[in-house]
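The values are calculated or read from the model by the stated rules, or taken from the named source; none is laboratory data. Computed from a predicted structure; not experimentally measured. Cβ atoms come from the backbone with ideal geometry, glycine included; neighbour counts cover every protein chain shown. Ligands, DNA and RNA are excluded from the accessible area calculation, which covers all protein heavy atoms including side chains. Shrake-Rupley method; radii C 1.70, N 1.55, O 1.52, S 1.80 Å.
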Amino acid sequence: MAPAIPSSTRSSLAKLALTAGPAVASHHFQRRGLTVNHTQGVTLGIIAAYVVVIALLWNLPYVRWVLWPFKMLVIAFHEFGHAITACCTGGRVESISLDPHEGGVTHMRGGKQFITLPAGYLGSSLIGALLTFCGFNIVASKVASIVLGVCFLLTLWWARKDWLTIVTILLSVGILIAFWFIEHGEALRFYVLFIGVMSSLYSVWDICDDLILRKVNSSDASVFAKRYGGSPQCWGVLWSFVSLILMVCGILAGLAAFKQSFEQQEKDSQGFIPTRI
């Protein structure tokens with residue numbers, strides 16, 4: 001038979017549980033929640049800087065050409081979104097081409113246009129959110145670069161007759177490979193993060209450019225509105241809102257998943273296809 005616990009002792013234990021419980025729960029939340037450490041704070045600051053720099057370079061005359069290669073890359077993501085959803089919905093992709101002035105175009109037959117039309121903007125936004133997520137960690141950025149390489153190969157196959165697309169893709173692959181060899185991929189992490197931020201915000205800026213500033217009648221939102229109703233501006237705002245939500249989700253997921261310091265990330269990276277100059 002277990003010995004009886006005095007009432008005074010039971011009272012003390014109850015008070016201890018009441019005071020310690022919230023402290024333990026708070027500590028557990030801080031460990032598992034979305035607290036921001038120094039490394040993550042630096043990453044968030046870099047994301048904010050990317051947003052400002054990209055927004056300025058996107059709109060300022062004479063210097064916007066600096067973003068041109070990256071615009072072409074993000075447009076390739078946009079066209080890849082059209083192409084992959086066409087294949088997934090029973091369609092066939094004939095070709096992908098990029099235009100230095102008007103953007104890109106995907107020639108395809110069949111598929112569900114209710115899905116393939118918004119998949120350009122939303123697809124590039126999803127890719128951007130995933131790259132932003134991976135940009136919080138070096139190893140994740142390495143994995144993302146491998147997946148990007150596979151997507152680039154598919155895009156090259158569909159665009160094998162378009163020299164601009166080929167040059168854009170090969171240049172991007174070259175940069176990815178080069179950044180693998182700098183500080184065990186630390187430069188690769190910030191490159192993946194930059195492409196992620198730009199791709200996430202591409203639909204917002206491009207929709208504003210197409211539907212508000214230039215009012216392009218052949219934009220995806222305009223074609224979608226003609227086929228399924230509503231106004232191009234309405235669909236454009238909706239897709240832009242979804243793009244921003246995806247970007248925020250990518251950032252929050254990165255904060256939750258990757259708590260490692262810069263030093264720990266570099267150490268982990270040395271065990272994942274180690275490379276260094």
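Kindly report the accessible area of the range 82-199 per residue (heavy atoms of protein chains, probe 1.4 Å, no ligands, DNA or RNA), in Å².
Accessible surface, normalised per residue, equals 43 Å².
Quick one: which residues, 5 or more positions from residue 89 or on another chain, have an amide H under 5 Å from its amide H? H modelled 1.01 Å from N in the peptide plane, none for Pro or chain starts.
Here the answer is 112, since their amide H atoms fall under 5 Å of that of residue 89.
Per residue, how big is the convex hull around the C-alpha atoms of the range 221-277? Give it to me in cubic angstrom, could you?
About 157 Å³ per residue, rounded to a whole number.
So what does residue 121 come to for accessible area, using a 1.4 Å probe and Å² rounded to 10?
10 Å²
Place the peptides 178-186, 157-165, 136-144 in order of packing, highest mean first, counting for every residue the other Cβ atoms within 10 Å and averaging per peptide.
Values: 178-186: 18.4, 157-165: 16.6, 136-144: 23.9.
Top of the packing list down: 136-144, 178-186, 157-165.
Compute log10 of I(q)/I(0) for the range 37-271 with the Debye formula, placing one identical point scatterer on every Cα and leaving out solvent, at q = 0.13 Å⁻¹, to two decimals.
One equal scatterer on each Cα of the range 37-271 leads to -0.78.
Based on the Cα gyration tensor of the range 136-277, what are the three equivalent ellipsoid semi-axes, each the root of five times an eigenvalue, rounded to whole Å and given largest first?
With the √(5λ) rule applied to the range 136-277, the semi-axes are 35, 21, 11 Å.
Under 20 °C and 1.002 mPa s, how fast does the range 79-168 diffuse according to Stokes-Einstein, given a Kirkwood radius computed over C-alpha pairs? Answer in µm²/s, whole number. Can you show the working numbers first?
Values: Rh = 13.8 Å.
Answer from the Stokes-Einstein relation: 155 µm²/s.
Rolling a 1.4 angstrom probe over the protein chains, ignoring ligands and nucleic acids, what is the accessible area of residue 63 in square angstrom, nearest 10?
60 Å²
Hey, which aspartates and glutamates would be in cross-link range of residue 71, C-alpha to C-alpha under 18 Å, not counting anything within fewer than 8 residues on its own chain?
Of all the aspartates and glutamates, those that pass the test against residue 71 - Cα under 18 Å, at least 8 places apart if same chain - are 79, 99, 102, 162, 206, 209, 210, 220.
Using a 1.4 angstrom probe with every protein chain in place, what is the largest-first accessible-area order of 35, 155?
Sorted by accessible area, descending: 35, 155.
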